[in-house]
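Structure record follows, encoded as structure tokens.
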Amino acid sequence: MTNESYRSCIEACVRCAQACEHCASACLKEPELPMLADCIALDHDCAQMCWTAAAFMSRGSSFAAELCRVCAEVCEACAVECEKHEHDHCQECADTCNHCADECKRMAGAAVAHV
């Protein structure tokens, strides 16, 4: 698969990484910081995974499908955690993570079908 085939997934990963970076930063400014520790940690993990998956897809790596599968798992975990918190930034992050997880699952499945 060419990196052009990955375009919507790359875009979803970049949006998700940005949302997670924003959510982590916003969580650090919330008064109930200790309650948000898991959210912040998952935001960081998810952002890093999304940046990495986007990079692998951008260069057409043969490992892109596997990275997308892992990325979907991390995005789903981050979404579940963010959904626990009422802050707008957490809710927006959860929505973005769920969308990215769907895109990554679709892409991982499509890449496997083409192997």
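The values are calculated or read from the model by the stated rules, or taken from the named source; none is laboratory data. Only a predicted model underlies this, so the values are computations on that prediction, with no experimental measurement involved. For neighbour counting, all protein chains shown are included, and Cβ atoms are generated from backbone atoms with ideal geometry for every residue, glycine included.
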(request) Kindly provide the set of residues from the stretch 75-96 that are touching a helix residue (DSSP H, G or I) at 6+ places or on another chain (Cβ under 8 Å), within 13 Å of residue 22 (Cα to Cα) and not aliphatic (A, V, I, L, M), ordered by number. (result) 82, 87, 89, 90, 91, 92, 93, 96
(message) Quick check on the stretch 24-34. Is at least one of its residues in contact (Cβ under 8 Å) with a residue 60 or more places away in the chain, closer than 19 Å to residue 75 by Cβ and surrounded by 16 or more Cβ atoms within 10 Å (Cβ to Cβ)?
(response) yes
(message) Tell me yes or no: at least one residue of the stretch 40-51 is at pLDDT below 95, under 20 Å from residue 98 (Cβ atoms) and among the aromatic types (Phe, Trp, Tyr).
(response) no
(request) Kindly establish whether residue 94 is surrounded by 22 or more Cβ atoms within 10 Å (Cβ to Cβ) and under 10 Å from the mean Cα position of the chain (by Cα). (result) yes
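Matching residues to (1) buried (at least 16 other Cβ atoms within 10 Å of the Cβ); (2) among the aliphatic types (A, V, I, L, M):
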residue	(1), (2)
37	no, yes
53	yes, yes
56	yes, no
62	no, no
65	yes, yes
76	yes, no
80	no, yes
(request) Collect the residues in the stretch 39-78 that are small (Gly, Ala, Ser) and either over 19 Å from residue 15 (Cβ atoms) or in a loop (DSSP other than H, G, I, E, B) (or both), keeping them in residue-number order. (result) 41, 60, 61, 62, 65
(request) Give the number of residues within the stretch 4-21 that are loosely packed, with under 15 Cβ neighbours inside 10 Å and either at pLDDT below 90 or of a type in the set (Lys, Arg) (or both). (result) 2
(request) Determine if the stretch 30-38 includes at least one residue that is small (Gly, Ala, Ser), modelled with pLDDT of 95 or more, touching an Asp or Glu at 6+ places or on another chain (Cβ under 9 Å) and in a helix (DSSP H, G or I). (result) no
